[in-house]
Amino acid sequence: MSELIEGKPGQRYLLMGNQAIARGALEAGVSVAAGYPGTPSSEIIENLAKVADEANMYVEWSSNEKVAAEVAAAASFAGLRSLCVMKQNGVNVASDFLLHLVGGGTRGGMVIVPCDDPGALSSINEGESRHFARMLEIPLLEPGDFQEAKDMVKWAFELSEQIGNLVMLRSVTRLSHASGSVKLGALPENRPRARFRHGGFVLDPQEGAVTSAPVAYKHVLQQEKLEKAESLFEDCPFNTYTGPENPELLVITSSACNLYCREAIEILGVSDRAGLLKLGTTWPLPKKLIRTHLENCSKVLVVEEVIPFLEENLKVLAAELAMEIGPRTIFAKRDKTIPSVGEMNPDYVIAALVKIFDLSYEAAPADYVEKAGLCVMAGAPGRDLTFCPGCPHRASYWTLHNVLALDNRDGFICGDIGCYSLGMRETGYYALKTMHAMGSGTGLASGFGKLDQFGMDQPIVAVSGDSTFFHSVIPALVNAVHYNADITLVVFDNSGTAMTGFQPHPGLEVDAMGHDAPSIDIESVCRAVGAQTTVCDPFDMELTRDILLEKITGKNGVQVLIFKQSCALSPEKKGKPRYEMHLDENICIGENCGCNKLCTRVFKCPGLNWDEKNQHARIDEVICAGCGVCASVCPTGAITKKERA
Amino acid sequence: MTAAANLLSDPFNLVITGVGGQGNVLASRVLGSMLTQKGYSVTIGETFGASQRGGSVMSHLRISSKGTWSPQIPKGRAHVVVSLEPTEALRVLYEYGNPDVYVLCNTRPVHSIAVISGQFKYPEQDELRQWIRDLSAKAWFLEATGAAMAMGNAIFANIMMIGALSAADILPVDKDTFKDAVSNMMAADKVSVNCDAFARGADMLLAEGISGA
Ligand code: SF4
Ligand code: SF4
């Protein structure tokens, strides 16, 4: 969106949280930004990449989050401001480098923005990143609304330069993917020139070599930096209090929960009884500030997501202060006032306040809710996620599932996270049997592949996306080849990072900024490490089936099969159906046919419907993407395809 | 920027719901921009995860003259539900509905795989309409997808529903606000067809009658 760079300072715009963060980085004069796509973080890098040329920035989608952190750190070492961005799981990947980085410190301001996903709305875990700030001993900032999402980024860069270390700014789905009104600030004019100074005294933080050793010396420096941050936090403008001077209850919160707390207090009309302390700086906690508020109130409610991070850090402070100010009652997660898993919302805060203040509250009349509940049960059939109409993964899993069934030795598929994770569910015929971190399917397969020694005789298949291949499959593949594991790796090469909105990866001829880039060919990489590699089109179901069957029945070390067919939503395919599909109602004889509705009951592309009244299948012209695959599924030949002009 | 006029409630809470792929996010962004232009503070909450893969999707809009609100509407507090798919209206009403809520509903079903595979039956139109009427103070049923297909692409149903909303006398938005908003968001060649879709939606609502069905 051009507003990101053309928007007028002083004017208000409706910005997505991620756009606000990107604008904050631009206002801070960031030179380099690197990340790996992952919901809910992707739009930050995406938006910066779009304006990179205009803003004289360098922006990349790195091959994984550790590399992104390294790329950003290099810019910092050369005196530039840099940003690295990832979803919560990415911090796990980057953490090895980060733990070294923070020991040696940074030069140009460097900020890491992890976007957490409480409730795992688009993830397969809700593990969060805040505890990394404590482990890394770096300052942690959490914006409490959209304006702050922008403003705090700039502040974070200043802080990073003041202390000479990395700063973490944590967002969550309900900020990153929500939108609100943001008043813009000015964009800076010049950017510093990059130069890495390394010729000075070895321990000089600006002129010497950069490393975390000698640890005994550097660790002390690192903790001094953190203490300095804490003292700056004492009067940070992003820690705010609203409420009476001596409230009955002090609500302490951060991040999106700020908005939930504010609303809950307003709805229940308890603003004269409850005070709201919204913290923008949640690690280390500003002790003096907290003390001032605890002195005025004996009961505290902590509202946060997901782990009791704020709660535990606050309890440490409360324990330290107890001798001076007396004990405090703290309602939070550990006493179950607030749920200990999942994301928060205004209603959970309302429930907590209702309990603490002994109030009563009804969201909607009970008879209404009961009636609506019955209507949903009777009238709103479940809507499980499915592969898009025309998605290559549906065809791929159809073949994988059928081949494993044909082989009949109880074979299974190991996978990981991506659109193809839906292979665990109905739309993927429940073919996928393990799903963990990126690249883990191949690593697990490598391990399963060595269990024949202990009598295991099941065929083992791993699946990976193309972006995932570059992110973390390569080391596992090398391992499997080196140890001669008997596995088949299927790479679903759909030409982009489909799940998160089609970001380019190293296999493509274009980079994040839209510039030409040399592509790395997955097939050549697989061959180079010594895996027998075949490429095929999963839409050619017969041929794919035969090749796959041959691969999994032989015992020949690592076999790679690359399923090449681009995502149904890829720019070259979207809105341009390849085939005109036709269903001959006279040939489709429904229940009477031996197939027993194979296309709708089993294959289940959403582009197909079952016409109950007339007892035959129907192509839903609104939904069908014209991929032609169902023509190969129908055993009677009722479905036919015709190439469009 | 004009000063924010009075809202029926402040914050005014609106849910746009549908199935991934129906253009829910675009609809909420367009409406949000229109109201921002009118001087309101708008907060939109949405989840993108299921948005392209056939799941139920929802955007929450909070429209206010006072500032930013929670991106999640508290349970039972929706004022209007705009539904691009009828069964999704029921799901939203169960969580966010109340006896005073208004519903604008596109009637075209999108069958989930549970229905396609025959595990569940999709309810009859009459039944669905009756349930939605029972759970709302006013309801409008529009064949937006059908009208959009007549215009050449089913995707315009989302913009038609926003057009319909503009005609229902609930929010201070009209075709001029729409044109301004989309001119900033879309390529020039897409603006006029979207304006047509918007106008068509408004006409469809007026044909049903301002007091709903
Ligand atoms: S986004 Fe692409 S890869 Fe993902 S489910 Fe849809 S068609 Fe398949
Ligand atoms: S051609 Fe068949 S399989 Fe492909 S999208 Fe249409 S209905 Fe689905």
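Given a cut-off of under 8 Å on Cα pairs at least six residues apart, what relative contact order in percent is computed for segment A:392-564?
Numbers: 342 pairs, mean separation 40.1, N = 173.
Taking the mean separation of contacting Cα pairs over the length of segment A:392-564, I get 23 percent.
Chain pair A, B: how much accessible area is buried, both chains summed, with a 1.4 Å probe, in Å² to 100? Numbers along the way, then the final one.
On the way: alone 28310 and 10270 Å², together 33030 Å².
Looking at A and B, the buried total is near 5600 Å².
May I ask you to give the solvent-accessible area per residue for the protein assembly as shown, in square angstrom, as obtained with a 1.4 angstrom probe? It would help to have the intermediate numbers written out before the result.
On the way: 33030 Å² over 858 residues.
I get 38 Å² per residue for the protein assembly as shown.
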Acute angle (nearest 10 degrees) that the helix A:65-77 long axis makes with the longest principal axis of chain A, alpha-carbon atoms
40
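What percentage of the solvent-accessible surface of chain B, computed with a 1.4 Å probe over protein heavy atoms, is contributed by carbon and sulfur atoms?
Numbers: 3690 of 7510 Å².
Roughly 49 percent, rounded to a whole number.
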What do you get for the angle between helix A:541-553 and the principal long axis of chain A? Use alpha-carbon atoms, 0 to 90 degrees, nearest ten.
80
Go from 0 up to the bin containing the longest alpha carbon distance in segment A:1-158, width 10 Å each, and give me the % of pairs per bin.
12, 44, 36, 9, 0
So what's the gap between the Cα centers of segment A:284-351 and segment A:243-259, to the nearest angstrom?
10
From the helices alone, meaning DSSP H stretches of at least four residues, give me the mean residue ellipticity at 222 nm for the protein assembly as shown, per-run term -39500 (n - 2.57), in deg cm²/dmol to the nearest 500.
-11000 deg cm²/dmol
Find the centroid of the Cα atoms in segment A:68-120 and in segment B:190-213, then give the distance between the two in whole Å.
49
Taking the DSSP beta bridges in segment A:3-233 as the whole, what percent of them are antiparallel, to the nearest 5?
20
So for the pair A:E320, A:R527, with labels modelled 7 Å out along Cα→Cβ, what separation do we get in nm?
6.2
Using alpha carbon centroids, what distance separates segment A:474-550 and segment A:19-44, in Å?
29
At 7 Å along the Cα-to-beta-carbon direction for both A:R197 and A:R644, put a label point, then send me their distance in nm to one decimal.
6.1
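Once you keep just the Cα pairs under 8 angstrom separated by 6 or more residues, what percentage relative contact order results for segment A:43-131?
Values: 116 pairs, mean separation 23.8, N = 89.
Taking the mean separation of contacting Cα pairs over the length of segment A:43-131, I get 27 percent.
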Any idea which of A:M581, A:G199, A:C536 is furthest toward the positive side of the dipole for chain A, if Lys and Arg beta-carbons carry +1 and Asp and Glu beta-carbons -1?
A:G199
Residues listed by number, segment A:35-54, amide nitrogen under 19 Å from A:L187 label point at 7 Å toward C-beta
A:43-54
For segment A:85-165, evaluate the Debye formula with one uniform point scatterer on each Cα (no solvent term) and list log10 I(q)/I(0) at q = 0.20, 0.27 Å⁻¹, rounded to two decimals.
-0.97, -1.40
To the nearest 0.05, how large is the calculated FRET efficiency for B:D174 and A:K355 if R₀ is 45 Å and r is the Cβ-Cβ distance?
0.50
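For segment A:250-331, what ratio Rg/Rh do Cα atoms give with a Kirkwood hydrodynamic radius?
Details: Rg = 12.3 Å, Rh = 13.0 Å.
We get a ratio of 0.95 for segment A:250-331.
If each residue of separation counts as 0.36 nm, what is the full-extension length gain between A:T329 and A:L451 once their alpha-carbon separation is subtracted?
Numbers: separation 122, 0.36 × 122 = 43.92 nm, distance 5.40 nm.
Net length gain for the segment: 38.5 nm.
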Could you derive backbone 3J(HN,Hα) for segment A:568-582 from the dihedral phi with the Karplus parameters 6.51, -1.76 and 1.60 (θ = phi - 60°), listing whole Hz in sequence and x where the residue is Gly or Pro?
4, 9, 5, x, 6, 9, 4, x, 10, x, 6, 10, 8, 9, 9
Check each residue of segment A:237-265 and keep those whose accessible area, probe 1.4 Å, is at least 20 Å² smaller with all protein chains in place than in the chain alone; give them in order of residue number.
A:L259, A:Y260, A:R262, A:E263
Using a 7 Å offset from the Cα along the Cα-to-Cβ direction at both A:M135 and A:S271, what is the distance between the two label points in nm, to one decimal?
4.1
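With a cut-off of at most 15 other beta carbons within 10 Å, and DSSP calling the residue loop, which GluC sites (Glu not before Pro) in segment A:583-633 qualify? Please list them.
Values: sites: A:E585, A:E591, A:E612, A:E621; in loops: A:E585, A:E612, A:E621.
Counting only loop positions with at most 15 other Cβ atoms within 10 Å, the GluC sites (Glu not before Pro) in segment A:583-633 are A:E585, A:E612, A:E621.
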Coil-residue GluC sites (Glu not before Pro) of segment B:105-163, DSSP, other Cβ within 10 Å capped at 13:
B:E124
Positive end of the dipole of the protein assembly as shown, charges at C-beta (+1 Lys, Arg; -1 Asp, Glu), about the Cα centre: which of A:A256, A:C567, A:P389 has its Cα farthest in that direction?
A:A256
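Report, in debye and to the nearest 20, how large the dipole of segment A:212-298 comes out about its Cα centre when Lys and Arg carry +1 and Asp and Glu carry -1 on their Cβ.
Roughly 360 debye, rounded to the nearest 20.
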I'd like the Karplus ³J(HN,Hα) series for segment A:14-23: coefficients 6.51, -1.76, 1.60, θ = phi - 60°, whole numbers in Hz, and an x wherever there's a Gly or Pro.
7, 10, 5, x, 5, 5, 4, 5, 4, 5
For A:E585, other-chain or 5+-apart residues with amide H closer than 5 Å (H placed, Pro excluded) are none
Taking all pairs of different Cα atoms in segment B:53-158, averaging 1/r and flipping that mean, what Kirkwood radius in angstroms comes out?
15.0
Whole-Hz Karplus ³J(HN,Hα) for segment A:182-198, in order, using 6.51 cos²θ - 1.76 cosθ + 1.60 and θ = phi - 60°, x for Gly and Pro?
10, 8, 7, x, 7, 9, x, 8, 9, 10, x, 7, 7, 7, 8, 8, 9
Using a simple charge model, +1 on the beta-carbon of Lys and Arg, -1 on the beta-carbon of Asp and Glu, nothing else, what dipole does the protein assembly as shown show about its Cα centre, in debye to the nearest 20?
320
Globularity index of the protein assembly as shown, i.e. its alpha-carbon radius of gyration over 2.2 N^0.38 Å
0.98
Rounded to 0.05, the calculated FRET efficiency for the beta carbons of A:K228 and B:V191 at R₀ = 56 Å is 0.60
Within the protein assembly as shown, what percent of beta bridges assigned by DSSP are antiparallel, to the nearest 5?
35
Taking amide H positions as placed 1.01 Å from N in the peptide plane, with prolines and chain starts having none, which residues 5 or more places from A:Y58, or on another chain, fall under 5 Å of its amide H?
A:V32, A:A33
Got the relative contact order for chain A handy, in percent, Cα pairs under 8 Å and 6 or more residues apart?
10
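Would you please calculate the Kirkwood hydrodynamic radius of chain B over all C-alpha pairs and express it in Å, rounded to one decimal? Please list the in-between numbers first.
Values: mean 1/r = 0.0585 Å⁻¹.
Mean inverse Cα-Cα distance, inverted, gives 17.1 Å.
The values are calculated or read from the model by the stated rules, or taken from the named source; none is laboratory data. As the structure is a prediction and not an experimental result, all values here were calculated from the model. Note that we place each Cβ from the backbone using ideal geometry, even for glycine, and neighbour counts take in every protein chain shown. In case anyone asks, the SASA skips ligands and DNA or RNA and just uses the protein heavy atoms, side chains included. Shrake-Rupley method; radii C 1.70, N 1.55, O 1.52, S 1.80 Å.
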